[in-house]
Every structure is written in structure tokens, then in C-alpha cells.
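To start, the structure under review is shown below, and the notes come after it.
The values are calculated or read from the model by the stated rules, or taken from the named source; none is laboratory data. Nothing here was measured: the structure is a model prediction, and the numbers come from that model. A quick note on method: Cβ atoms are made from the backbone with ideal geometry, for glycine too, and the neighbour counts reach across all protein chains shown. Note: areas computed on protein heavy atoms with side chains; ligands, DNA, RNA excluded. Shrake-Rupley method; radii C 1.70, N 1.55, O 1.52, S 1.80 Å.
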Amino acid sequence: MNPTADLRVVHLAPHAGSSGVGDYADGFVAAIRPHVREVVEFRHGAPRTDTVRSVRAERRRLRELVASLQTRYAGEPLVVHCELSGGAVAPFWATRGLSRGLPGAVRITATLHDPPRPVWYPFLTRGVSRGRILNQAVHRPLHRLLERFERRSLRDVDLFVLTEAGTEATRSLRMGRSVTRARHVLPPAPTRAPVPASRRPAAIGLFGHVYTGKGFDLVPALRRTLPPGITLRVAGRGTENLAPAAGVDVLGPLEVGAELDAFFDSVQVLVMPYTRPRVGGLEMLPASGTHMVAMVHATPTVALASAATEELAREGLCEVVTGGADELVAAAARLAVSPDELDRRTAVLAVFLAEQRATGTAGPFLEVWGRTEAP
């Protein structure tokens, strides 16, 4: 018997296409929908777009939605699940204390995309985010207090984390009622079989959503270090605003499907020059959606060392280098001119993807949601 067959899930996530978490949410809903009675999508703005008024409105809208479902389907199980990331104030405040005053019981769960803390900047409204100094003035002196506030706010919430390092760190901070290791959902498969990396043009790729820490500010340094015969190709949301540079192909945002497939078929290796400054003495430990996209397009990756990327390296899914941009580019360039090594690494990716498709990513969520103890 499927313990979640009668379950309704209200899912809070950013609007599709607004962020990496919004993209993740599309795949997540597709993964869980076959296993539950209904998924009710509750989409909201991306971090840094909310005002105090809009946060209050989202909180009221969610409470009214949940109360309506509980009244209409009295006695039937209900889960409210949200996607939490750094600065995601709308879902954090909307679900905080949600279970109080409702006509029935509701289990609240969340995926932490920037563990080990859920939101890090709980007052990061659009106004606060306009100035780095203002943001730091509001949050920096209070990090320890805010950590305790987040812990208290999530004491009745079951959490999921998409990296092993992040799972362990979240547990060590005593966040959540429980913390479960889950896997990142697989992005949509290419519309056609990818061109083998060893047969692609001599090019290195940089892909993703432009924001601090993703390495797009390093494009000039990456280009200077690359051998002249290897092209640097850059794509993703926000890259259209990067300054032009000789020897760099900037493609801007790409639609999932033929455009995205063509980009990966045009690069042999994807570099991930990610850096994450510590916040309140803690390192953020996110899973990389970009890495998942590269994998389904049979593209090996090279990344700067961090707890999250070293985890990928231990599984044979990524090469990790210490140092900076020079070392990263040198490793990617060596790989680009080594067809046998490219073939070996793409074979490892293919095995991992086959296992993931066989086991699916919904299992850990369904197991927690199907527990019979009272929320």
C-alpha cells in the first residue's frame, strides 16, 4: 500500500524561470506528482524581490489556501513543502507558525538549498537588498541571534538537504525536527543524444545564473589563462549583461531544449569557479543545479575546491582543483585535449545518471511524508 496515495502537497517555490531554485521546483513537482493525490503549486517571487507588504500578503494567501483545503478535505493528510534558500523571505515567513489556528493538522517540510541555515537573511526585502551596506548593517551584527531564531522557527519542520556535507552541518546546528539527505532532481533530458565530449569543438564552458559567487566576474582572468586555441563560451541568465571580451562567446539566457543542447554540444568541459564567502563563520553548502545540467548533457566538469564539490569528486562526478582561476583553467584545458579521459569521465556520468533514473529522487520525501506520527 502506498502511504502517500491520499496525500495532498502544497508546494511553495519561486516562479518558474526566476532562479535556479525555481528551475529545480519544476523537476521536483514532476518527480513527486505521480506518487501523491494532488500537488497544489504556490509560486512566489525570487529572493530580493519581496516587500514587507508582499510577504504579509503571501503569508495570508498561504494560510487561506491551507485552511480551504483542510475544510474541503477534512481528515485527509496534507503536507506544506517549501524550497528555502539564502534570502528566500517569502516562503520562510509564510510557513513560520503556519500550523497554529488551522482547522486540521498539517505537516510542514522544507528543502534547504543553502544549508546549513535555511534563509540566512530573514529580513532581505527588496529595499534592504538594494544596498550591500544596508544588508550587512541589518544582518551582520545579528547572525548568532538570527541562527537561533531560524532554529526556533523550524523546530517543527522536517528538513531535506541535497548534499551530504550540508546534511551533516544542518544536523550539527540542530535545525529542524528531522534532517533527511535527498538527491537533486535530474533536469530535463536533452532533446537528442549529446555529441560525445571528445568530438566537440575545442571550447570551455561557463553556465548558470549570474550572481555573486558564481565566478562570472572571473571571465577576463579565465580567458587570459586559456590557450589561444580554446574558446571560452558563456551562457545563462544575466550573462547578456557581461562586458564583451575578446575570445569569449557570450550567448545570454538559453531556453531549455534545442538551445541548451546546442550550447553543451559546443563545449568539452564546464568550469565551476564557485566561491562562497562565510556568513557568520559558516560556509554555505549547496548542491549545484548547473552541475546536474552538465551531467545530463554528458559534459565533464572542473570546479574549485569546496565541501560540496569535493563530495562530487569523491563520487567521480567532478574534478576539483585547489587554488584559483589559473589552476582551474589549466585543469580544464588539459582535459579538453585528452579525448580518452573525456570519454572515461562521461562514461562515469552515464552510470550515475542511469542509477538515478532507476531509483528516482522522490523516495526520501515520500518516506518522511508517509510517516504516521502526528505532525
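The single residue among 169, 193 that is within 25 Å of residue 353 (Cα to Cα), of a type in the set (Gly, Ala, Ser) and either open to solvent by 30 Å² or more (accessible area, probe 1.4 Å) or at pLDDT 95 or above (or both) turns out to be 193.
Condition (residue is modelled with pLDDT under 90, of a type in the set (A, V, I, L, M) and buried (at least 18 other Cβ atoms within 10 Å of the Cβ)) applied to segment 94-114: is it met by at least one residue? No, segment 94-114 contains no residue that is modelled with pLDDT under 90, of a type in the set (A, V, I, L, M) and buried (at least 18 other Cβ atoms within 10 Å of the Cβ). For segment 211-224, the set of residues classified as open to solvent by 50 Å² or more (accessible area, probe 1.4 Å) and β-branched (Val, Ile, Thr) consists of 212 only. Screening the candidates 134, 102, 159, 145 for the property of being touching a Gly at 6+ places or on another chain (Cβ under 6 Å) and either more than 25 Å from residue 25 (Cα to Cα) or assigned to a strand (DSSP E or B) (or both) yields one hit, 159.
Being assigned to a helix (DSSP H, G or I), over 30 Å from residue 259 (Cβ atoms) and modelled with pLDDT of 95 or more is a property that does not hold for residue 180.
Restricting 195, 210 to residues that are in a loop (DSSP other than H, G, I, E, B), free of Cβ contacts under 8 Å to residues at least 60 places away in the same chain, touching a Ser or Thr at 6+ places or on another chain (Cβ under 9 Å) and aliphatic (A, V, I, L, M) narrows the list to 210.
Give the residue, chosen from 78, 84, that is among the hydrophobic types (A, V, I, L, M, F, W, C), at pLDDT 95 or above and either in contact with a Pro (Cβ under 9 Å, 6 or more places away or on another chain) or on the phi > 0 side of the Ramachandran plot (or both). So the residue among 78, 84 that is among the hydrophobic types (A, V, I, L, M, F, W, C), at pLDDT 95 or above and either in contact with a Pro (Cβ under 9 Å, 6 or more places away or on another chain) or on the phi > 0 side of the Ramachandran plot (or both) is 84.
Of the strands (runs of 3 or more DSSP E) lying entirely inside segment 1-86, those containing at least 3 residues that are in contact (Cβ under 8 Å) with a residue 60 or more places away in the chain and under 16 Å from the mean Cα position of the chain (by Cα) are 8-14, 78-84. Across segment 276-305, what is the number of residues that are buried (at least 21 other Cβ atoms within 10 Å of the Cβ) and small (Gly, Ala, Ser)? Matching residues across segment 276-305 total 6.
Out of all the residues in segment 223-238, is one or more under 20 Å from residue 304 (Cβ atoms), modelled with pLDDT under 95, in a helix (DSSP H, G or I) and not charged (D, E, K, R)? Yes, that holds for at least one residue.
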